[in-house]
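See structure below.
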Amino acid sequence: MLAILEKDPDGYVARFDRSFGHSAEALWSMLTENDKLSRWFSELEVGELREGGFIRFNMPDGSFEKLDILELHPPSILEYTWGDDRVRFELYPEPEGCRVVLIEKLQAITAHTPKDLAGWHVCLEVVRLLLDGEEMPSRKEEWELWYEKYTRHVDAFLAEDGSQGN
């Protein structure tokens, strides 16, 4: 299922809503414990896990970008900066596991937006597979498939919304 795109007073919102057959605590550890986080997003590393703390986005050249933690309520809410945007994970316990809502708050829709959305889509699937004890055969092939779908999805949203994007 593709992310839901909506216009927001501050820009746009992309919302992924997934159910996992695992506890909120299991999902939380995938988001906040570096040994688990690195298995699904190797460039991310928790620096200081607290409001006002940070997550490091490690660049291939050895530099890093600091992602500020804006809101933290273990084991249910983690929100941090993502460039000029924000990423928010909300975890809701359910009888059969946990519902995960991933929200990306976008100031603008750009040519890079479908790439990010495809990336988050694949990341959520990788987290599910890892928790199930499985691996994704080719993240690159999976991303390419979803990138094509998100490119069409974003284009259709912008056409319907009457926006041009950036």
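The values are calculated or read from the model by the stated rules, or taken from the named source; none is laboratory data. Only a predicted model underlies this, so the values are computations on that prediction, with no experimental measurement involved. Heads up, the Cβs are rebuilt from the backbone with ideal geometry, glycines too, and the neighbour counts pull from every protein chain shown. Note: areas computed on protein heavy atoms with side chains; ligands, DNA, RNA excluded. Shrake-Rupley method; radii C 1.70, N 1.55, O 1.52, S 1.80 Å.
How many residues, within the stretch 44-84, are open to solvent by 40 Å² or more (accessible area, probe 1.4 Å), aliphatic (A, V, I, L, M) and either touching a Gly at 6+ places or on another chain (Cβ under 8 Å) or under 26 Å from R128 (Cβ atoms) (or both)?
Result for the stretch 44-84: 2.
Inside the stretch 110-166, can you point out the residues that are in contact (Cβ under 8 Å) with a residue 60 or more places away in the chain, open to solvent by less than 40 Å² (accessible area, probe 1.4 Å) and more than 24 Å from E43 (Cβ to Cβ)?
If the condition is that a residue be in contact (Cβ under 8 Å) with a residue 60 or more places away in the chain, open to solvent by less than 40 Å² (accessible area, probe 1.4 Å) and more than 24 Å from E43 (Cβ to Cβ), then F157, S163 are the ones that fit.
Just for the stretch 4-16: of the residues that are touching a residue at least 24 places away in the same chain (Cβ under 8 Å) and surrounded by fewer than 16 Cβ atoms within 10 Å (Cβ to Cβ), which one is nearest to E135 (Cα to Cα)?
So the residue we want is R15.
Give the residue that is nearest to V126 (Cα to Cα), with candidates limited to residues of the stretch 17-43 that are part of a loop (DSSP other than H, G, I, E, B) and open to solvent by 30 Å² or more (accessible area, probe 1.4 Å).
Initial filter on the stretch 17-43 (part of a loop (DSSP other than H, G, I, E, B)): 21-23, 33, 41-43.
If we keep only those that are open to solvent by 30 Å² or more (accessible area, probe 1.4 Å) as well, we get 21-23, 33, 42-43.
Numbers: G21: 14, H22: 14, S23: 16, E33: 16, S42: 12, E43: 15 Å.
That would be S42.
Pick out, from the stretch 62-166, the strands (runs of 3 or more DSSP E) lying fully within it that include 1 or more residues that are over 22 Å from L2 (Cβ atoms) and at pLDDT below 95.
In the stretch 62-166, 64-73 are the strands (runs of 3 or more DSSP E) which contain 1 or more residues that are over 22 Å from L2 (Cβ atoms) and at pLDDT below 95.
Tally up the residues in the stretch 1-38 that are under 14 Å from E104 (Cβ atoms) and of a type in the set (D, E), please.
4
Test V101 against the criterion of being of a type in the set (A, V, I, L, M, F, W, C) and in contact with a helix residue (DSSP H, G or I) (Cβ under 9 Å, 6 or more places away or on another chain), and give yes or no.
Spelling it out, it is not the case that V101 is of a type in the set (A, V, I, L, M, F, W, C) and in contact with a helix residue (DSSP H, G or I) (Cβ under 9 Å, 6 or more places away or on another chain).
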